[in-house]
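Shown next, in structure tokens, is the structure this report addresses.
The values are calculated or read from the model by the stated rules, or taken from the named source; none is laboratory data. In this text, all values refer to a predicted model and were calculated from it rather than measured experimentally. Cβ sites come from the backbone with ideal geometry, for glycine too, and all protein chains shown count toward neighbours. We work out accessible area using only protein heavy atoms, side chains counted, and drop any ligands, DNA or RNA first. Shrake-Rupley method; radii C 1.70, N 1.55, O 1.52, S 1.80 Å.
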Amino acid sequence: MKSSQRQRYLLGIILLVAFALRLTRLGAQNIWWDEGLSVVASRMSFTEATLWTAADVHPPLYFWLLWLWMRVSGETEFALRFITVLEAFLTVPAIYVLARRLSRSAAIGVGAAGLLALSRFHIWWSQEMRMYILAGLCATLSLYFTARLADGEATRRTIGGWILATAGAMLTVYSSIVLVPIENLTLLLAGWRGIRRREERWRFWARWIAIQAGVLPFVIPWMALALPRMRSWSVVTEPASLSFVLELNAVLVTLGISTDVGRYRLPALLVMGVLGVGIVLLLRHSTSPTERIRRLWALALLGSSVLLMPLIIWALSQPRALFYNPRVEARYLLPLAPAFYVLLAWALGGWLRNPTKMRYPGWVFCFGIAGLILWSLPQHFASRYLRDNDLTLSRIIWSHAQPEDALALVSGDRYPIFTLSYDRAPAPETRPAITRLPQSPPPLTEATADTELSALAAEHSRIWLVQLERSLEDPEGQTEAWLMAHFTRILHYEFGYNALSLFSATDEEPLVALWNVPPQTPLAQNLDERGKLLGYDLPTTEFRPLDNVRLGLYLQAQHPLTLTVTLRGDDEAFAGSETIEMAPTPAGKARYHQVQFTIQPYAPAQSYTFELSTPDGVKIHFGQLRVTHTLKPPVLARIPHQLEAIAGEATLLGYALHGAPTGNPPVAHPGDTLELTLYWQAQIPISQSYTVFTHLLGTAYNPATQGPLWAQDDQIPLEGAYPTQNWLAGVPLQDTYTLAIPPETPPGDYQILTGMYDATTGNRVPVAGAGADTLAGNILLTWVRIEP
């Protein structure tokens, strides 16, 4: 097989891999605030969306495309983001032709395409409903056509392609203006070094200036519309340093990670070092002076693209009084990131094509960089899953609402997220219209609440109240207090920081009319002759530790009925149950009952189903969900120090101690930190929450504690995430505590003790077994010797 044919096949595989990676779990992530705002804009008329964008911080091209796309695709998470995937997919062949043009090597083009295809940074923003991928596509094409112009290919196709690509970039993100100095520098070098005759050189530059003027008819009309509408505002609390922005950019393009970037400084610097040496090798081994000149401007094009974008973003984030002043965000660095992958692929080619022994470490670096990318990539997908944020909340309103209801929304800037779920299909046309509160500048005062809610109450006998992060807009609860004083609350659900209530002028029961929105999953299954399960709502099906499973049941009963809802795993593992007491329902009506289960950290990762049962033994199995990413129980045989002690209904299976060398007893020093891991197992369900204590107890008096206690760490297990009343019976767990030894701790032998107590009373849980002191209520784990 010829080399060119192999490269075509390899490029085809890379394109397929790039497309598949960008589709992976595309819809398995909630739409966040910026994405929600894009949907709000796209729901407007085209003119309204354009005027809204003119007052925003971004140009209109992406919003125009999304406006058209949404009317074809619908509003699911997958459909809305798919347009970004298409733009990202097109960037892969675009980077291939750019790299091949600059390096004059199809192999380098394939390498650059492969790096971009696997880039976590690029995949990340390929799966977001934002404009930065489109800006990257346009910028990549602009650089490609610039390279063709620098090579003297001033054809109509090249000129037209450059104008459209550059105008597209500038109409997508304003920071694309950075292309102007980058491409002018390139053409300046190409004309100065590549054209000997002065007349031809000046003619070359004059034509380039004329070509650039072709962008103005696209950009000037938009700026004339936008500039008078742009606001001057800032979200910067503390300006970022230039060194931080450069470090962030380096970590992003190598590993795609934007948090705790200092932790990944070393691998990013190593990649940058490999890149720098590769560029030197390219310049040293140019085949001719003409080729060296061409490589010089080509590398200048790529190098300035890599360096100027972070400089521009840093400059824009510095405090000023004019226009929008953004904080530094990872996404702002994306549009010119493809240039880095071209530069890296070319630099690696410089290593591999070197006639000396440099090619051998070059292969090591290639595999090392590939290993870094493949190590980082799974972490991106692991964090993506769809959560039940406002989905259940919206369905409750849809199913219970009556035609004359009103809806008061206290949400601040969270309203795009709520309206996304509330207004999209299958939302009924008869759903209550949203009235945002406060309509005056926040926070909401008592007088404002009275004025705005009085007007709403004069026209509606039932008012829904949706509170999203209520502490921000209505910290004193004025809206809820006013409605409680003037109406009867007939329905209320808590959703973490959010809440939903229904207030009525009459004390009515909140029933579901059968003509209203049907359940998400209709069932119509009989429960003997006394009742019927009409269906259920379960908006999401993947859950992780501490997530709440909110199951909405639609039930009818002809007689009083007691029902038990159980969540059970494939291995019959019990994840919780709840009892429902039902009164008879009127004809043509149903009752909505929400059953909630919390996924515990040590719940087995598997599929679960719901079981609805009656006291007579009638059972209905329905629904399915997946529990993932839970903790695996410790292997008992691997516990370093095994013992068997009892603390109430729990067994202490053993412990592990780190921070002190092993010995008899272990030795530590003042200022050391001991890490103590306890291994527990509940024998039966524990009835209440206990605090676990770990103490370092000596004989000398400690003035700080007014006793012999020198270090302690008391907490609800797993730092509050796994209270003892939630422990799964028979499932072991491990829990880590920290004992910081004060520098003034005197030498001597100390005890490490543990146990449990009731935080409300201070009473310790009875203990028994190995190391137990039944009078003191603690368990001795080990002695530790403190030496100077």
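When the Cα centres of segment 9-61 and segment 252-325 are compared, how far apart do they sit, in Å?
So the separation of the two Cα centres works out to 27 Å.
How much of the calculated P(r) for segment 612-743 lies past 26 Å, in percent of all Cα pairs?
Details: 3370 of 8646 pairs.
Here the tail beyond 26 Å accounts for 39 percent of pairs.
Tally Lys and Arg at +1 and Asp and Glu at -1 over the other residues with C-beta under 15 Å from the C-beta of residue 73: what net charge comes out? Don't jump to the answer; show the numbers that get you there.
Working: positive: 43, 71, 81, 424; negative: 35, 75, 77, 87.
Cβ neighbours under 15 Å give a net charge of 0.
Just to confirm a number: summing +1 for Lys and Arg and -1 for Asp and Glu over residues other than residue 537 whose beta-carbon lies under 10 angstrom from that of residue 537, what do you get?
On the way: positive: 395, 550; negative: 388.
Computed value for this residue: +1.
Enter the Cα centre distance for the pair segment 334-406 and segment 598-647, rounded to the nearest angstrom.
33
Return the calculated 222 nm mean residue ellipticity for the chain, to the nearest 500 deg cm²/dmol, obtained by summing -39500 (n - 2.57) across DSSP H runs with n ≥ 4 and dividing by the residue count. Walk me through the intermediate numbers first.
Values: 22 runs with 322 residues, N = 788.
Calculated at 222 nm, the ellipticity per residue is -13500 deg cm²/dmol.
May I ask you to derive the relative contact order of segment 56-200, considering only C-alpha pairs under 8 Å and at least 6 residues apart, and to give it as an integer percent?
Details: 154 pairs, mean separation 37.1, N = 145.
Relative contact order here is 26 percent.
What number results when the radius of gyration of the chain, computed over Cα atoms, is divided by 2.2 N^0.38 Å? Intermediate results must be reported in sequence, preceding the final value.
Working: Rg = 32.5 Å, N = 788, 2.2 N^0.38 = 27.7 Å.
Dividing the Cα radius of gyration by 2.2 N^0.38 Å gives 1.17.
Any idea what the relative contact order of segment 438-511 is, in percent, if you count C-alpha pairs under 8 Å spaced at least 6 apart? Write down the numbers at each step before the final one.
Details: 100 pairs, mean separation 23.9, N = 74.
Once normalised by length, the contact order is 32 percent.
Report the net charge of residues surrounding residue 720, where surrounding means a beta-carbon distance below 15 angstrom and charges are Lys +1, Arg +1, Asp -1, Glu -1. Write out the running numbers ahead of the final one.
Details: positive: none; negative: 713, 714, 719, 735.
Overall, the nearby charge balance is -4.
Work out the length of the dipole vector of segment 260-347 about its Cα centre, built from +1 on the beta-carbon of each Lys and Arg and -1 on the beta-carbon of each Asp and Glu, and round it to the nearest 20 debye.
Dipole magnitude for segment 260-347 comes out near 100 debye.
Per residue, how big is the convex hull of segment 359-435 when only Cα atoms are used? Give it in Å³.
Values: hull volume 9.6 nm³, N = 77.
With only Cα atoms used, segment 359-435 gives 125 Å³ per residue.
Give the residue from 621, 604, 580 lying farthest towards the positive end of the charge dipole for segment 563-625; charges sit on Cβ (+1 for Lys and Arg, -1 for Asp and Glu) and the dipole is referred to the Cα centre.
Positive-end residue among those listed: 580.
Please list the non-local residues whose amide H lies under 5 Å from the amide H of residue 542, H modeled 1.01 Å from N, same-chain partners needing a gap of 5 or more.
626
Which ³J(HN,Hα) values, rounded to whole Hz and listed in residue order, are derived for segment 269-276 from phi using the Karplus coefficients 6.51, -1.76 and 1.60 in 6.51 cos²θ - 1.76 cosθ + 1.60 with θ = phi - 60°, glycine and proline given as x?
Coupling constants for segment 269-276: 5, 5, 5, 5, x, 4, 4, x Hz.
What does the accessible area per residue of segment 85-168 come to in Å², with a 1.4 Å probe and no ligands, DNA or RNA counted? Walk me through the intermediate numbers first.
Details: 2220 Å² over 84 residues.
For segment 85-168, the solvent-accessible area averages 26 Å² per residue.
In Å², what does the accessible area per residue of segment 210-302 work out to with a 1.4 Å probe?
Values: 4840 Å² over 93 residues.
In whole numbers, segment 210-302 has 52 Å² accessible per residue.
What is the helix-to-structure angle for 33-42, meaning the angle in degrees between its Cα long axis and the longest Cα principal axis of the chain, kept from 0 to 90 and rounded to the nearest 10?
The two axes meet at around 70 degrees.
Before I look further, what does segment 650-739 give for accessible area per residue, probe 1.4 Å, in whole square angstrom?
Details: 3730 Å² over 90 residues.
With all protein chains present, segment 650-739 gives 41 Å² per residue.
Residue farthest toward the positive end of the dipole of the chain, with Cβ of Lys/Arg at +1 and Asp/Glu at -1: which of 239, 667, 548?
239
How many lysine pairs are close in the chain, with Cα atoms under 28 Å apart and the two 8 or more places apart or on different chains?
Numbers: 2/357; 532/589; 532/619; 589/619.
Total qualifying Lys-Lys pairs in the chain comes to 4.
Can you give me the angle between helix 3-23 and the longest principal axis of the chain, using Cα atoms only, in degrees from 0 to 90, rounded to the nearest 10?
Orientation of helix 3-23: about 40 degrees from the principal axis.
Report, to the nearest 10°, how far helix 132-150 tilts away from the longest principal axis of the Cα atoms in the chain, using its own Cα long axis and a range of 0 to 90°.
Relative to the chain, helix 132-150 is tipped by roughly 10 degrees.
Using a 1.4 Å probe on the protein heavy atoms, what percent of the accessible area of the chain belongs to carbon and sulfur? Can you show the working numbers first?
On the way: 20570 of 35000 Å².
Using a 1.4 Å probe with all protein chains present, the chain comes out at 59 percent carbon and sulfur.
What are the residues whose amide H is under 5 Å from the amide H of residue 436, where those residues sit 5 or more places off or on another chain and H is modelled from the backbone?
Under 5 Å from the amide H of residue 436: 409.
List every residue whose amide H lies under 5 Å from the amide H of residue 689, counting only residues 5 or more places away in sequence or on a different chain, with H placed 1.01 Å from N in the peptide plane.
Correct list: 725.
Applying a 10 Å radius around every beta-carbon, put 172-179, 620-627 in order of their mean neighbour count, most first. All intermediate terms of the calculation are to be shown ahead of the outcome.
On the way: 172-179: 22.4, 620-627: 16.6.
Put in order of decreasing packing, that is 172-179, 620-627.
So what J values fall out for segment 468-485 if you push phi through Karplus, 6.51 cos²θ - 1.76 cosθ + 1.60 with θ = phi - 60°, rounded to Hz, Gly and Pro as x?
Ordered by residue, 3J(HN,Hα) equals 10, 6, 4, 5, 7, 8, 9, x, 9, x, 5, 5, 5, 5, 5, 5, 5, 7 Hz.
Kirkwood Rh over alpha-carbon pairs of segment 287-350, then Stokes-Einstein at 37 °C and 0.692 mPa s: what D in µm² s⁻¹, rounded to an integer?
Values: Rh = 13.7 Å.
Value of D from the Cα-based Kirkwood radius: 240 µm²/s.
Would you please classify the overall shape of segment 229-386 from the alpha carbon gyration tensor, given that a ≥ b ≥ c denote the square roots of the eigenvalues, rounded means a/c under 1.5, and beyond that prolate means a/b larger than b/c while oblate covers the rest?
Note, shape of segment 229-386 comes out oblate.
With unit charges on the beta carbon (Lys/Arg positive, Asp/Glu negative), name the residue among 448, 567, 497 whose Cα is farthest towards the positive pole of the charge dipole of segment 428-580.
567
Rounded to the nearest whole Å³, what is the per residue volume of the convex hull around the Cα atoms of segment 246-337? Please list the in-between numbers first.
On the way: hull volume 9.7 nm³, N = 92.
Here the figure is 106 Å³ per residue.
Tabulate in residue order the Karplus-calculated ³J(HN,Hα) for segment 75-81, using 6.51 cos²θ - 1.76 cosθ + 1.60 with θ = phi - 60°, rounded to whole Hz; enter x for Gly and Pro.
With the stated coefficients, segment 75-81 comes to 10, 6, 4, 5, 5, 5, 8 Hz.
Calculate the dipole size of segment 319-449 relative to its Cα centre from +1 charges on Lys and Arg beta carbons and -1 charges on Asp and Glu beta carbons; express the result in debye to the nearest 20.
Values: 13 positive and 9 negative charges, 217 e Å.
It works out to roughly 1040 debye.
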